[in-house]
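Structure record follows, encoded as structure tokens.
A short reminder: the numbers here are calculations on the coordinates, not readings from a lab. Remember, it's a predicted structure, so these values are computed and weren't measured experimentally. Positions of Cβ are backbone-derived with ideal geometry, glycine not excepted, and every protein chain shown enters the neighbour counts.
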Amino acid sequence: MKIPCSYQIDFNTGMVTRYPKTTERKLSEIRNCFYDGQAVERVLKKADPIIYEAYEVKSPNEEGLLSWCTTIIHPGCVGREYHMTKGHFHKKDISTEFYLGLKGKGLLIAQSRAGQFTSLEIRPGVMVDVPPSWAHRVVNTGIEELIVMAMFSSDAGHYYCQIEEKGFMKLVVKQDERYALIKNPRYGVDR
Ligand code: S6P
Ligand code: ZN
């Protein structure tokens, strides 16, 4: 039986005391997330930057338990598109997830299986409720790290294929020094 426990999060770095980093996504690994392939190549000719990192505190994969994670999305753009996470659905389609902004600013974009799309601004103190059956991605639209904490059912699982293949309906791009959502020309087109 699991016993009650506590954790220490550094809101400034996203690090969790005694928990190692579990994810580090470099541009080369998530190149297909970005629309502008030529811009990806231009960046990769010089370096392979880390786009985001995560510290996951995982409970056993059992119904009734929660896991959580801090994600640090570094600032920047590839072409006109802001840095972002890969994005996913959950395998267990009755799973809700909550996101809390800890540092920086950005957007959580979400897309339902039924084809609805929405975006919500996230910044320190903002909690976002992602109900079941909505794919979600976090985008850093600011000039400093965006740090968020996500809490989800331990047995939710992650399902990346659909987003990898079809993308989200909209891109989050830099326009006149602020963000804009534009139609994704590649949405629904196999990559
Ligand atoms: C887990 C939750 C987050 C993401 C993390 C990285 O359900 O949504 O902890 O795993 O932000 O994003 P992604 O899309 O690469 O898993
Ligand atoms: Zn999730």
Requested in this report: Would you compute, from DSSP H runs of 4+ residues alone, the mean residue ellipticity of the chain at 222 nm, taking -39500 (n - 2.57) per run and dividing by the full residue count, rounded to the nearest 500?
Outcome: -2000 deg cm²/dmol
Report task. Kindly flag which residue pairs out of 2/86; 45/183; 92/183; 103/183; 2/105; 2/92 have an alpha-carbon separation exceeding 26 Å in this structure. Result -> 2/86; 45/183; 92/183; 103/183; 2/105
Query raised in the report: At residue 189 and residue 80, where each label point lies 7 Å from the Cα along Cα→Cβ, what is the point-to-point distance in nanometres?
Result: 1.6 nm
Report task. Work out how much length residue 47 to residue 1 would gain on full extension: take 0.36 nm times their residue separation and subtract the Cα-Cα distance, in nm to one decimal. Result -> 11.9 nm
Report summary line: Taking R0 as 22 Å and r as the Cβ-Cβ distance between residue 26 and residue 126, the FRET efficiency 1/(1 + (r/R0)^6), rounded to the nearest 0.05, comes to 0.20
Report task. With a/c under 1.5 counting as rounded, go ahead and sort the stretch 84-191 into rounded, prolate or oblate using the C-alpha gyration tensor (a ≥ b ≥ c being the square roots of the eigenvalues; past the cut-off, prolate if a/b is larger than b/c, else oblate). Result -> oblate
Query raised in the report: Can you give the angle from 0 to 90° between the axis of helix 37-46 and the longest principal axis of the chain, with both taken from C-alpha atoms, to the nearest 10?
Result: 80 degrees
Report task. For the chain, just run the numbers: alpha carbon Rg, then divide by 2.2 N^0.38 Å, N being how many residues it has. Result -> 1.01
Query raised in the report: Stretch residue 62-residue 18 to full length: gain in nm at 0.36 nm per residue minus the Cα-Cα span?
Result: 13.5 nm
Query raised in the report: Of the peptides 144-154, 56-66, how do they stack up when ordered by the mean number of other Cβ atoms within 10 Å, highest first?
Result: 144-154, 56-66
Query raised in the report: Simple spin-label model, 7 Å along Cα-to-Cβ: residue 118 to residue 178 in nm?
Result: 2.2 nm
Query raised in the report: Can you run phi through the Karplus equation (6.51, -1.76, 1.60; θ = phi - 60°) for the stretch 95-109 and list ³J(HN,Hα) in whole Hz, with x for Gly and Pro?
Result: 8, 9, 9, 10, 10, 10, x, 10, 7, x, 9, x, 10, 9, 9
